[in-house]
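Colleague: Before I ask anything, let me first share the structure, which is written out below as structure tokens.
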Amino acid sequence: MASSAVLLNLSNPLSLSSRTPLFSLFKSHTTTAAAAASRTTSCRPLVVKVSASSRALQALIFDCDGVILESEHLHRQAYNDAFSHFNVRCPSSSSDQPLNWSPEFYDVLQNQIGGGKPKMRWYFKEHGWPISTVFESSPENDEDRAKLIDILQVSLSNVLSDSEVSANLFDWKTERYKEIIKSGTVEPRPGVLRLMDEAKASGRKLAVCSAATKSSVILCLENLIGMERFQGLDCFLAGDDVKEKKPDPSIYLTAAEKLGVSGKDCLVVEDSVIGLQAATGAGMSCVISYTSSTADQDFKEAAAIYPDLSNVRLTDLEALLRTVVAAK
């Protein structure tokens, strides 16, 4: 089948680079403001291939964190508040202060590991299981280690004792994140609400698929897109709804099934390479709306790359899905 090359001129394209492997998270990661500015102002168009076979946009699927709102710095703040609240200290640290994830470190971590519990589990495995006000000594068995992570991250009202629940030793990080969202200082990223409204008005199916905890995603959506849009979603899935986190494609495969559409007729909006891998793994085309913390990732499998959605219309995405197959 004949194909030709098309040049997509992006209003603010980025320079692409390879991903940082996990083993180098703590070795060397320096990102300067000058380098970031260079990435977001460089002129590098995205070359894609056009196929004679077309795809019809039937469903538009949004990630939440990083796409609907630029939230990773809020999650980092909530993690550090949780570490401070429970005086979490790892044996590898020479400091007597609670664990504190720096912006530079968290930018790498959140782009390599999806989901809050996997992030903490990986960190504690690498740097030693911590002491805290939850456990005076480092937890040594899997049950206690899981309990520590659950207390820091996810509601365990069905696992913890009544005294622990009454002491609010559950869902701490998520509750702190909710407080930040409720503060009214967080706004949706440009173009998101308009694009959602265009999709619904045109009869396309609309979904949100996030790897985050369901309760925190619900709060974000209720506060940022509004109750009417949230209740009008044709599908909403969170990390709690699937066994495997992104980059595993499970969440997008499940969404396609619930929406009753083929993956090839879905278009996903993501902000990171983890989300991109999940979408393409499910056989879906994916566009990237990158953030300051994901701008230097390798998005070569994306159908298009945007700094935000302010200048992106539904008709643009319809045309993209009809004619564009992401370059391999």
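Colleague: What are the residues in the range 211-234 that are surrounded by fewer than 20 Cβ atoms within 10 Å (Cβ to Cβ) and under 18 Å from A279 (Cβ atoms), if any? I'd like the intermediate steps shown before the answer.
Modeller: Filtering the range 211-234 down to residues surrounded by fewer than 20 Cβ atoms within 10 Å (Cβ to Cβ) leaves 214-215, 218-219, 222-223, 226-234.
Answer for the range 211-234, where residues must be surrounded by fewer than 20 Cβ atoms within 10 Å (Cβ to Cβ) and under 18 Å from A279 (Cβ atoms): L233, D234.
Colleague: Give the residue that is modelled with the lowest pLDDT, with candidates limited to residues of the range 126-162 that are exposed (fewer than 14 other Cβ atoms within 10 Å of the Cβ) and within 29 Å of the chain's Cα centre (by Cα). Give the steps one after another, and end with the answer.
Modeller: First, the residues of the range 126-162 that are exposed (fewer than 14 other Cβ atoms within 10 Å of the Cβ): 126, 133, 136-137, 140-143, 157-158, 161-162.
This time we only want the ones that are within 29 Å of the chain's Cα centre (by Cα), so: 126, 142-143, 157-158.
Working: E126: 95, D142: 95, E143: 94, S157: 31, N158: 36.
If we take residues in the range 126-162 being exposed (fewer than 14 other Cβ atoms within 10 Å of the Cβ) and within 29 Å of the chain's Cα centre (by Cα), then S157 is modelled with the lowest pLDDT.
To keep it simple, each residue is scored yes or no on (1) at pLDDT 50 or above; (2) of a type outside the set (F, W, Y); (3) outside any loop (DSSP other than H, G, I, E, B).
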| position | (1), (2), (3) |
| --- | --- |
| F23 | no, no, yes |
| A35 | no, yes, yes |
| L57 | yes, yes, no |
| S92 | yes, yes, no |
| D96 | yes, yes, no |
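Colleague: E318 fails exactly one of the following numbered conditions: (1) touching a helix residue (DSSP H, G or I) at 6+ places or on another chain (Cβ under 8 Å); (2) outside any loop (DSSP other than H, G, I, E, B); (3) not small (G, A, S). What is the number of that condition?
Modeller: (1)
Condition check ((1) under 20 Å from A278 (Cβ atoms); (2) modelled with pLDDT under 85; (3) buried (at least 18 other Cβ atoms within 10 Å of the Cβ)) across all residues:
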site: A167; (1), (2), (3): no, yes, no
site: T185; (1), (2), (3): no, yes, no
site: P188; (1), (2), (3): no, no, yes
site: L206; (1), (2), (3): yes, no, yes
site: C209; (1), (2), (3): yes, no, yes
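Colleague: Please identify the pairs in which a residue from the range 171-185 that is more than 27 Å from K147 (Cβ to Cβ) has its Cβ atom under 8 Å from the Cβ atom of a residue that is of a type in the set (S, T, Y), counting only partners at least 6 apart or on another chain.
Modeller: none
Colleague: Every residue in the range 268-281 that is surrounded by 23 or more Cβ atoms within 10 Å (Cβ to Cβ), more than 13 Å from I305 (Cα to Cα) and in contact with a helix residue (DSSP H, G or I) (Cβ under 8 Å, 6 or more places away or on another chain), please.
Modeller: Residues satisfying the conditions are I274, A278, A279.
Colleague: Okay, next question. Can you tell me how many residues in the range 222-251 are part of a helix (DSSP H, G or I) and more than 17 Å from D271 (Cα to Cα)? Give the derivation first.
Modeller: As a first pass, look at the range 222-251 and keep what is part of a helix (DSSP H, G or I): 222-224, 227-231, 239-241, 250-251.
This time we only want the ones that are more than 17 Å from D271 (Cα to Cα), so: 222-224, 227-231, 240-241, 250.
Count: 11.
Colleague: Keeping to the range 235-249, report how many residues are surrounded by fewer than 18 Cβ atoms within 10 Å (Cβ to Cβ) and closer than 19 Å to C286 by Cβ. Walk me through how you get there before you give the answer.
Modeller: Going residue by residue through the range 235-249, those that are surrounded by fewer than 18 Cβ atoms within 10 Å (Cβ to Cβ) are 240-241, 243-244.
Filter once more, keeping what is closer than 19 Å to C286 by Cβ: 244.
Here the count works out to 1.
The values are calculated or read from the model by the stated rules, or taken from the named source; none is laboratory data. Predicted model only: the values in this text are computed from it and were never measured. Using ideal geometry, Cβ is built from the backbone for each residue, glycine included, and neighbour counts are taken over all protein chains shown.
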